[in-house]
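Asks: If you scroll down you'll find the structure; I have some questions about it.
Just so it is clear, none of the values below were taken in a lab; they were calculated from the coordinates. In this text the structure is predicted, and so the values were computed from the model without any measurement. Glycine also receives a Cβ, built like all others from the backbone with ideal geometry; neighbour counts cover every protein chain displayed.
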Amino acid sequence: MPALISSSSPGSSRISFVAAAMCDIAERAMSSREIIVVGGGIAGVSAATAARDEYPDAGITLFAHEPYPFYNKIALCAFITGKKRQDHLHFYSADWLREYGIDARLGEDVESIDPGRSSVISKNGKRRGYDRLILATGAVPTIPAIDGIDNRGVFTLWSLADAIGVRDALVSAGTVAIIGGGVLGVETAVELASIGKKVTILEAGDSVLPLHLDRISAGLFGEFLREKGIDARLSTPVERLETRGAGLRVIHGGAGLDADMVLLMAGASPDTRLARAAGIGCGDGIIVDSYMNTGVAGISACGNCAQLDGERNFLWNPARAQGEIAGSNAFENRRKATLEPVVIHLKMPEMPLFVCGRSTSSERGDMVIDDRSGRAYRNLRFDDRYRLKSAIFLFETDGFYEIEKIIRRALPVPRDLVDAGDIDGIVKAFSVPPGDEDYRSSGWVCRMCGYSHEGDYPPEICPVCSVGKDQFLAA
């Protein structure tokens, strides 16, 4: 597995081995096997580096829409508030991919795919042939059909270019309206409130984080937002945006809200435009099998643009894992992908939140056990066969590792503990003393930022995003 964000030193034997195994890009251009990756995010970079590790003699070209070297999208909120500089977002030097033996075409879009001729045409009009094409086109932000959505002062926050525009506009913006109360909207609201901005969230649903929280946890989280000075207006679809002086007026339900800027955070959808135009099968995303192959010979897809077993997942680690599989399987189906449970960890020290699985999806026969102590709340949902389907831990997240392990591995849970509603007992039943072999691994990945660490045990603190070792998963 390529260590995309590795704790190894630049002179490590692993990097030396990779460098020694690679020949010059110009020489590899004569190779009979050419791999093209479209997309410069975590899925695309993972696919390219995994392919390089697996096929050292192949020619690999990566086309990226953005002109910036690979960066940490998870940290964009901290960037717009000035808590991180732009250079903090980049894990490697600008030449890292080229040094890895990958011809990185940053800022160069692929305009079309010609499956019949096994080639792509880039924005400069040049045609380039491939033996394997890996699509990692990611997702695009949802733009609501609202009058005035194109007005000055309305921003998305999905890319580094977006973030630079938002950061610059925030200098003179004291009030911010956020359309959308999902994960990105809530995290951004808290970040902006922390630097003194007056923030209002406008959510069309009846709670914040409507895809992840049940009624009790949503109420508790709403209280937390109010304590932060954030006004969360629920069941409030926006009707239109009007320009008013140097700012905007947001019209909703017959009422109005004045704001210096508006952030659109109403979700995202897989970017399937290239695939659809080329006749590649798409549903909500590009349809792939467990090897990340599409229905068109020689073409794979991975990450946010892909739809595996009818499901999509817009999270960093699943995108990284799918990219690695797509790259490794470029010429041989060696590895299978499995659906990852949805895992949410909000980066809020004052109100930690852990959600795993489809926590708001219930079926006949489901059993729910929960407990509450002050603002601390825990909820576990089981199916009628006592299999743990989902979990919500709010404010107190101790035991999340054990709960996530149960869900990921579909481990059987003692029925007597479920019947007794004993959440502490369930956690204890699956706990392993520190240092036990179950906690050993050859590598670890930070769930927050994707930093990877090689070694038997995770680091005490992530050197990239500063979370503790409890936020590392065995790679």
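Asks: Taking Cα pairs under 8 Å and at least six residues apart, what relative contact order does the chain come out at, in percent?
Replies: Taking the mean separation of contacting Cα pairs over the length of the chain, I get 14 percent.
Asks: What are the ³J(HN,Hα) couplings of region 193-201, residue after residue, when phi is run through the Karplus curve with 6.51, -1.76, 1.60 and θ = phi - 60°? Round to Hz, x for glycine and proline.
Replies: Per residue, the Karplus-derived 3J(HN,Hα) values read 4, 5, 10, x, 7, 8, 10, 10, 9 Hz.
Asks: Per DSSP H run of n ≥ 4, the term is -39500 (n - 2.57); total these for the chain, divide by its residue number, and report the mean residue ellipticity at 222 nm rounded to 500 deg cm²/dmol.
Replies: It comes out at -6500 deg cm²/dmol, rounded to the nearest 500.
Asks: Using a simple charge model, +1 on the beta-carbon of Lys and Arg, -1 on the beta-carbon of Asp and Glu, nothing else, what dipole does region 317-390 show about its Cα centre, in debye to the nearest 20?
Replies: Its charge dipole is roughly 60 debye.
Asks: Another question, then. Using a Förster distance of 60 angstrom, determine the FRET efficiency expected from the C-beta separation of Arg276 and Asp456, and round it to 0.05.
Replies: Computed FRET efficiency for Arg276 and Asp456 comes out at 0.85.
Asks: A further question on this structure: Going by the alpha-carbon gyration tensor, a ≥ b ≥ c the square roots of its eigenvalues, is region 321-419 rounded (a/c under 1.5) or, if a/c is not under 1.5, prolate (a/b greater than b/c) versus oblate?
Replies: oblate
Asks: Given points 7 Å out from each Cα along the Cα-Cβ axis, report the Glu311 to Ser362 separation in nanometres with one decimal.
Replies: The modelled label-to-label distance comes out at 2.1 nm.
Asks: Using Cα-Cα distances under 8 Å and only pairs 6 or more residues apart, what relative contact order does region 202-260 have, in percent?
Replies: Result for region 202-260 is 29 percent.
Asks: Another question, then. Mind checking the dipole of the chain: about its Cα centre, +1 per Lys or Arg Cβ, -1 per Asp or Glu Cβ, Debye to the nearest 20?
Replies: Dipole size: approximately 660 debye.
Asks: Would you tally the net charge around Val199, using a Cβ to Cβ cut-off of less than 14 Å, leaving Val199 out, and scoring K and R as +1, D and E as -1?
Replies: -2
Asks: Starting from the Cα of Lys197, draw a straight line to each of the lysines and keep only those under 25 Å, dropping any in the same chain fewer than 8 residues away.
Replies: The qualifying lysines are Lys73, Lys83, Lys84, Lys228, Lys347.
Asks: Quick one: net charge of Glu66's neighbours, Cβ under 14 Å, K/R +1, D/E -1?
Replies: The answer is -1.
Asks: While we're looking at this one, here's another question. Residues with amide H under 5 Å of Ala337's amide H, sequence separation 5 or more or different chain, H placed in the peptide plane at 1.01 Å from N; which?
Replies: For Ala337, whose amide H was placed from the backbone, the distant partners under 5 Å are Tyr291, Met292.
Asks: Considering amide H positions built from the backbone, and no H for Pro or chain starts, which residues 5 or more places from Gly267, or on another chain, come under 5 Å of its amide H?
Replies: Under 5 Å from the amide H of Gly267: Thr142.
Asks: Treating only the Cβ of Lys, Arg, Asp and Glu as charged (+1, +1, -1, -1), what charge dipole size does region 75-158 show about its Cα centre? Round to the nearest 20 debye.
Replies: The calculated dipole for region 75-158 is roughly 120 debye.
Asks: While we're here: Net charge near Leu170, counting Lys/Arg +1 and Asp/Glu -1 over other residues with Cβ under 10 Å of its Cβ?
Replies: 0
Asks: Sort Val418, Val368 by Cβ crowding within 10 Å, fewest neighbours at the top.
Replies: Result, fewest neighbours first: Val368, Val418.
Asks: Now for a different question. On full extension of the chain, what length is gained from Arg128 through Asp416, given 0.36 nm per residue of separation minus the C-alpha to C-alpha distance?
Replies: Extending this stretch completely gives an extra 97.5 nm.
Asks: Spelling out what I want: for every residue of region 334-343, take phi, set θ = phi - 60°, compute 6.51 cos²θ - 1.76 cosθ + 1.60 (Karplus), and round to whole Hz; glycine and proline get x.
Replies: Listing the rounded values in order: 9, 10, 10, 9, 10, 5, 8, x, 5, 10 Hz.
Asks: Sticking with this one: In what sequence, highest mean first, do 207-216, 371-380, 48-57 appear when ranked by Cβ atoms within 10 angstrom?
Replies: Result, highest mean Cβ count within 10 Å first: 48-57, 207-216, 371-380.
Asks: For labels at Glu99 and Ala161 in the simple 7 Å Cα→Cβ model, what's the distance in nm?
Replies: Computed distance between label sites Glu99 and Ala161 equals 2.7 nm.
Asks: A further question on this structure: Calculate how large, on average over all directions, the projected area of the Cα convex hull of the chain is; give the answer in nm² to one decimal.
Replies: 23.6 nm²
Asks: If you take the charge dipole of the chain about its Cα centre, with +1 on Lys and Arg Cβ and -1 on Asp and Glu Cβ, which of Phe70, Met367, Val186 is farthest toward its positive end?
Replies: Of Phe70, Met367, Val186, it is Phe70.
Asks: Name the residue farthest towards the positive end of the dipole of the chain from the options Pro458, Ile287, Ser390, assuming +1 on Cβ of Lys and Arg, -1 on Cβ of Asp and Glu, about the Cα centre.
Replies: Ile287
Asks: Compute the distance in nm between two label points, each set 7 Å from the Cα along the Cα-to-Cβ direction, one at Arg372 and one at Asp384.
Replies: 2.9 nm
Asks: Name the residue farthest towards the positive end of the dipole of region 154-266 from the options Ala255, Thr156, Val208, assuming +1 on Cβ of Lys and Arg, -1 on Cβ of Asp and Glu, about the Cα centre.
Replies: Of the options given, the answer is Ala255.
Asks: Sequence-distant or interchain residues sharing an amide H contact under 5 Å with Ser119, placed H: which?
Replies: Excluding prolines and chain starts, which carry no amide H, the hits are Asp114, Tyr130.
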